[in-house]
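K.L.:
Once you've had a glance at the structure underneath, I'll fire off some questions.
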2 protein chains.
Amino acid sequence: MKMSTRARYGVRLMFELGLRYGGKPMFLKDIARNEELSEKYLSQLVMPLKASGLVNSVRGAQGGYLLARPPEQITVKDIVEILEGDLAPSDCSKDNSLCARSSYCITRGVWEKLEKSISKTLKSITLNDLVSKFKKEKINRGGK
Amino acid sequence: MKMSTRARYGVRLMFELGLRYGGKPMFLKDIARNEELSEKYLSQLVMPLKASGLVNSVRGAQGGYLLARPPEQITVKDIVEILEGDLAPSDCSKDNSLCARSSYCITRGVWEKLEKSISKTLKSITLNDLVSKFKKEKINRGGK
DNA sequence: AGTATTACTATCATTATAGTAGTAATAATA
DNA sequence: TATTATTACTACTATAATGATAGTAATACT
C-alpha cells in the first residue's frame, strides 16, 4: 500500500505553489530547490496537474507555475488522483468485468470500504491546511 | 495505492479457512480450487501467515491448514500487515532517519493520517464478518 | 538577439511483483 | 514397509511499474 513517489512529490510541489499563492508564478527550479527534488522529474509531474486544471503556467522568461484556484479549494485527493491514477486498492472494486468472480467475491467489499476510507481522508485535507500548518510551525520555530 | 495481490489473495485464502473453521484442516489444493488461484503461489502466502501465528498446519497425508484462532479474532489488518509488510503509504511516516527533511516536512502528516485511516478500516473487518456475509448471501441466492 | 523558462518525447536502469518449478520432509494408510 | 498425499522450503524467471535522466522544441521577456 505504498503511495507512489509521483503522488508524494506532487503534493510537495503543490504545497510550494500553495505557499506562494497570490504572488507571481513560481519557477520549477525554485520548487525543486526548496523541496530538494529533481527539476526534470517535477516537470513531468506538473504536466498532468496542469492538464487537469489544478495549475496554470506562464511560458518563457519570468514564467512559471501557479495554482489555478485558491489552496482551500484543492484537496490532497485531487492531487493524488491525478498522479496516481485512481485510489482503488484493487481494480475489481471499480470494474466488474475484470473478474468472473465479482458477483460473489466477498473480499471485494473489503476493498470497496477501504477505498471509501482513503478517499474520505485525502479529501478532508486541503492545500490550505498544509500551508497554514507550515506557517504556524515556522513561527513556533522562530522563523521569519 | 494498489493493494498487492499477495495481500488480496491472502485474504481470500484466510476467508476459505474461516468458512471451514471448527472442522478438519483444509488442503491448499481445495482452497486454490475454490478461489481459482494457483496452489503453488498460495503455498508461498500461507508460510508467513503460519509464521505469524494466524494459521496452523498439519503435515503429511490428510494434513492441511486451519485457523489458529476463531475468525472473529482475526482482522483483515492482521492478514494484510503480514503479507504487505506494513500499512504506511510512505516509509517516512515511520522512520525519521530516512529523510533529512522529516522534522519540518509538512506532507509527512498527510501520510500519517492516511495510515491511521487505513489501519482503522482494515482493523474493523474480521474474518467472521466476511464468513457471515457470505453465508447470508448464499441463502439469498438460494444456495444449499 | 539572447536568455530563461515551460513543453514534450524518448530512453534507461532498477526494483517489485507475480508466478513457476523442483525437491525435501513428514505422516497417514494400505 | 512401501506408497502416497500433503506441507515446507528454495531458487529462479519473466514482466511490469517506477523513478529518473537527457535532449530538443517552443515561447516570451529583456
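The values are calculated or read from the model by the stated rules, or taken from the named source; none is laboratory data. Predicted model only: the values in this text are computed from it and were never measured. Backbone-built Cβ (ideal geometry, glycine too); neighbour counts: all protein chains shown.
K.L.:
Can you find even one residue in region A:41-50 that is hydroxyl-bearing (Ser, Thr, Tyr), assigned to a loop (DSSP other than H, G, I, E, B), near DNA strand D (Cβ under 10 Å from one of its atoms) and more than 14 Å from chain B (Cβ to nearest Cβ)?
P.N.:
No.
K.L.:
Out of all the residues in region B:126-136, which are buried (at least 19 other Cβ atoms within 10 Å of the Cβ) and either within 13 Å of the chain's Cα centre (by Cα) or closer than 27 Å to B:Ala88 by Cα (or both)?
P.N.:
Selection gives B:Thr126, B:Leu127, B:Leu130.
K.L.:
Now, a different point. Just to be sure before I move on: is A:Ser57 among the hydroxyl-bearing types (Ser, Thr, Tyr), within 11 Å of chain B (Cβ to nearest Cβ) and within 16 Å of A:Tyr21 (Cβ to Cβ) in the structure I sent?
P.N.:
no
K.L.:
Restricting to region A:63-90, give me the number of residues that are in contact (Cβ under 8 Å) with a residue 60 or more places away in the chain and over 8 Å from the mean Cα position of the chain (by Cα).
P.N.:
Number of matching residues: 5.
K.L.:
Now for a separate question. Regarding region B:70-83, can at least one residue be identified that is in contact with a helix residue (DSSP H, G or I) (Cβ under 6 Å, 6 or more places away or on another chain) and within 30 Å of A:Lys135 (Cα to Cα)?
P.N.:
no
K.L.:
Another question, then. Can you find even one residue in region A:71-88 that is within 30 Å of B:Glu16 (Cβ to Cβ), within 10 Å of another protein chain (Cβ to nearest Cβ) and in contact with an Asp or Glu (Cβ under 8 Å, 6 or more places away or on another chain)?
P.N.:
There is at least one residue in region A:71-88 that is within 30 Å of B:Glu16 (Cβ to Cβ), within 10 Å of another protein chain (Cβ to nearest Cβ) and in contact with an Asp or Glu (Cβ under 8 Å, 6 or more places away or on another chain).
K.L.:
Filter region B:41-57 down to the residues that are within 11 Å of DNA strand C (Cβ to nearest atom) and surrounded by fewer than 19 Cβ atoms within 10 Å (Cβ to Cβ) and list them by number.
P.N.:
Listed by number, the residues that qualify are B:Tyr41, B:Ser43, B:Gln44, B:Met47, B:Ser57.
K.L.:
Taking the condition of being part of a loop (DSSP other than H, G, I, E, B) and buried (at least 19 other Cβ atoms within 10 Å of the Cβ), how many residues in region A:1-19 meet it?
P.N.:
2
K.L.:
Looking only at region A:56-107, which residues are in a strand (DSSP E or B) and within 23 Å of A:Thr121 (Cβ to Cβ)? First the steps, then the outcome.
P.N.:
Pass one, region A:56-107, residues in a strand (DSSP E or B): A:56-58, A:64-67, A:75.
Matches in region A:56-107: A:Leu67, A:Thr75.
So that you can scan it fast, the table gives a plain yes or no per residue for (1) buried (at least 19 other Cβ atoms within 10 Å of the Cβ); (2) in contact with a Phe, Trp or Tyr (Cβ under 7 Å, 6 or more places away or on another chain); (3) farther than 30 Å from A:Gly10 by Cβ:
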site: B:Gly22; (1), (2), (3): no, no, yes
site: B:Glu39; (1), (2), (3): no, no, yes
site: B:Ala61; (1), (2), (3): no, no, yes
site: B:Tyr65; (1), (2), (3): yes, no, yes
site: B:Ala68; (1), (2), (3): no, no, yes
site: B:Glu72; (1), (2), (3): no, no, yes
site: B:Ile79; (1), (2), (3): yes, no, yes
site: B:Asp95; (1), (2), (3): no, no, no
site: B:Lys113; (1), (2), (3): no, no, no
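K.L.:
How many of the residues making up region B:1-22 are free of Cβ contacts under 8 Å to residues at least 24 places away in the same chain and away from DNA strand D (no atom under 12 Å from the Cβ)?
P.N.:
Counting residues in region B:1-22 that are free of Cβ contacts under 8 Å to residues at least 24 places away in the same chain and away from DNA strand D (no atom under 12 Å from the Cβ) gives 2.
K.L.:
Let me ask something else. Is it true that B:Leu98 is among the aliphatic types (A, V, I, L, M), modelled with pLDDT of 95 or more and within 16 Å of DNA strand C (Cβ to nearest atom)? Full working, then the answer.
P.N.:
Numbers: among the aliphatic types (A, V, I, L, M): yes; modelled with pLDDT of 95 or more: no; within 16 Å of DNA strand C (Cβ to nearest atom): yes.
It is false that B:Leu98 is among the aliphatic types (A, V, I, L, M), modelled with pLDDT of 95 or more and within 16 Å of DNA strand C (Cβ to nearest atom).
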